[in-house]
There are 2 protein chains.
Amino acid sequence: MRIGELAALAGVTTRAVRHYHHQGLLPEPPRLANGYRVYGVRQAVALARIRRLTELGLGLDEVRDVLADDAGAELAVVLRELDTDLATQETEIRRRRARLGELLAQAEAGTLPAEGPVSPALAELLGGLPVTDSPSAAKDRAHLTLMAGNGQSDQVLRALAPMTRDPAVLALYERIDALADASRDDPRIGPLADELAAAVPDAVLAAIPAQGPVAAAGAYGEAMLADFAPAQAAVVRRVMELLAARMER
Amino acid sequence: MRIGELAALAGVTTRAVRHYHHQGLLPEPPRLANGYRVYGVRQAVALARIRRLTELGLGLDEVRDVLADDAGAELAVVLRELDTDLATQETEIRRRRARLGELLAQAEAGTLPAEGPVSPALAELLGGLPVTDSPSAAKDRAHLTLMAGNGQSDQVLRALAPMTRDPAVLALYERIDALADASRDDPRIGPLADELAAAVPDAVLAAIPAQGPVAAAGAYGEAMLADFAPAQAAVVRRVMELLAARMER
DNA sequence: TAGAAACCTTGACGCTGCGGCAGGGTCAAG
DNA sequence: CTTGACCCTGCCGCAGCGTCAAGGTTTCTA
């Protein structure tokens, strides 16, 4: 037999056969004068066996191990490993499909957030927000989306829900917007910060795992502040101080 | 923010961030004088979005498409494709796990064929065979294993089952073995071929899809014959002729 | 009997999503 | 001044082949 016939017999491509030769899975057969490989029944049997193993999902090096080992013990071990591996893959796929199902449902309902697919809890929160074009509201959404990315923040998000239903919050956002061109010592800063801090429910602070001075510290905090105009940044800083003080108690 | 802080914020590695830059998923940010990348909130938001998409299982180029397309239409399309894709993967994994379950059961029962994992029908057939060290019996097993590899051969295998329970077959194998050193025109060849052909049930021939002169034609047939001693090959050839003649009718 | 189609040969690159390493520079703290 | 923790670019590696490239051979067909 030549390589094409062998390959057809085993249901693989000639390329695969040569690959197995190269990997040492299948010994190189003798050659004709013209260089063609000539295969016998032995090789065909060996190749069929390789194919059955790879079809199960074994890697080529595992196949090599199994073939090298005369007893069947190795095979059983590898198969068991493979099964647990496939089991985890299966649950993983199922988890992703569940997420996909939610997202597709949102897509059909037209309630997919502009931020792209986010966690269910966050999607609900964002979905409850009134439509507004306030720049600081947009920043808040972005900030929330980022913070919600790090996993277990469901409690915080649930605690935030009441704020989304408070019509007074919109007005607060607009008061922040109004400070876009204000100076660093504008008299509106202090009162606005007080009201903002007051608008945050205790439940939110309670749900935040006390990881230093809230989340706005560090390099991200600075980047966030840099994203605001000076007077607005002053407000944010002040709010953070007030909230931190409240968390102390 | 520098790249490490950004990466930690989004829950990815710095290597991944640079990879996204390289792939054009995330624009390169400005640099400090020392060459360090400096990121702002915008980039963090973008990165978080990329990560959410890749976590769903999207490829990086799909992510790029989704990000490039402002409307949400693209996203829905990609998600649907992904879902069907995952669905096929899931059934595929389940099929393989089912196979693995059978094989593991066989392994525990110690009934795993030496040929490695084979189709259930073949495993049953081989399992029913009496233990023998007849070389021609071994060749027959090998031949069967090969032929059974090409899929829908269950019917043939079932039709062969009666032969495995016929104690007279063992004697026939031994008569083939006895011809190992015989000459091409040994007088035992004819009668043995007649009896072998007669031992093959009609049901087997009926189940073989008439693909030319049985399966022993072509390059594989020659290789198989070359695997036998001359007198044995003569027997096999004669049996094939007889069976082919029977299939004609 | 020629020419085309179908095989065969070796060798090298492509794909996915980064990980890891080499071989540096930068910066803050002790 | 050193140490350690960052940062930079760039290239190889990974699994299992698919896919050219650039030939030579065999075999079928006109």
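Here chain A has an Rg and Dmax of 31.6, 96 Å, counting Cα atoms alone. The B and A chains share an interface that buries close to 4600 Å² of accessible area, total over both sides, probe 1.4 Å.
Compared with the dominant Cα axis of chain A, that is its longest principal axis, helix A:189-199 is turned about 60°. The stretch A:153-182 to the stretch B:129-184: how many Å between their Cα centroids? Using only Cα atoms to place each centre, the spacing works out to 81 Å. Evaluated at 10 °C with a viscosity of 1.306 mPa s, what Stokes-Einstein diffusion coefficient in µm²/s does the stretch B:69-112 have when Rh comes from the Kirkwood expression over alpha-carbon pairs? The diffusion coefficient I find is 123 µm²/s.
Each of B:12, B:163, A:176 was placed along the dipole of the protein assembly as shown (beta-carbon charges, centred on the mean Cα), and the one lying farthest toward the positive end is B:12.
Each 10 Å bin from 0 upward holds the following percent of the Cα-Cα pairs of the protein assembly as shown: 3, 14, 19, 16, 11, 10, 10, 8, 6, 3, 1, 0.
If you roll a 1.4 angstrom probe over the protein chains with everything in place, what fraction of the accessible area of chain B belongs to carbon and sulfur, to the nearest %? Here carbon and sulfur together make up 54 percent of the probe-accessible area.
In the stretch A:10-50, burial by the other protein chains removes 50 Å² or more of accessible area from A:41, compared with the chain on its own (1.4 Å probe, ligands and nucleic acids ignored).
Taking the Cα centre of the stretch A:101-183 as origin and assigning +1 to Lys and Arg Cβ atoms and -1 to Asp and Glu Cβ atoms, the resulting dipole is close to 160 debye.
With +1 assigned to the C-beta of every Lys and Arg and -1 to the C-beta of every Asp and Glu, and no other charges, what is the dipole magnitude of the stretch B:115-248 about the Cα centre in debye, to the nearest 20?
So the dipole magnitude of the stretch B:115-248 works out to roughly 160 debye.
Look at the dipole of the stretch A:1-125 built from charges on Cβ: of A:36, A:60, A:118, the Cα furthest out on the positive end belongs to A:36.
For chain B, the solvent-accessible area of protein heavy atoms averages 53 Å² per residue (probe radius 1.4 Å; ligands and nucleic acids excluded). Take each residue of peptide A:57-68, count the partner chain Cβ atoms within 10 Å of its Cβ, and average: the result is 1. Computed from the C-beta positions of residue A:73 and residue A:42, the FRET efficiency with R₀ = 22 Å rounds to 0.40.
The charge dipole of the protein assembly as shown, taken about its Cα centre with unit charges on the Cβ of Lys, Arg, Asp and Glu (plus for the first two, minus for the last two), comes to roughly 580 debye.
The values are calculated or read from the model by the stated rules, or taken from the named source; none is laboratory data. What you see is a predicted model; the values in this text were computed from it and never measured. For neighbour counting, all protein chains shown are included, and Cβ atoms are generated from backbone atoms with ideal geometry for every residue, glycine included. For accessibility, only protein heavy atoms count, side chains too; no ligands or nucleic acids. Shrake-Rupley method; radii C 1.70, N 1.55, O 1.52, S 1.80 Å.
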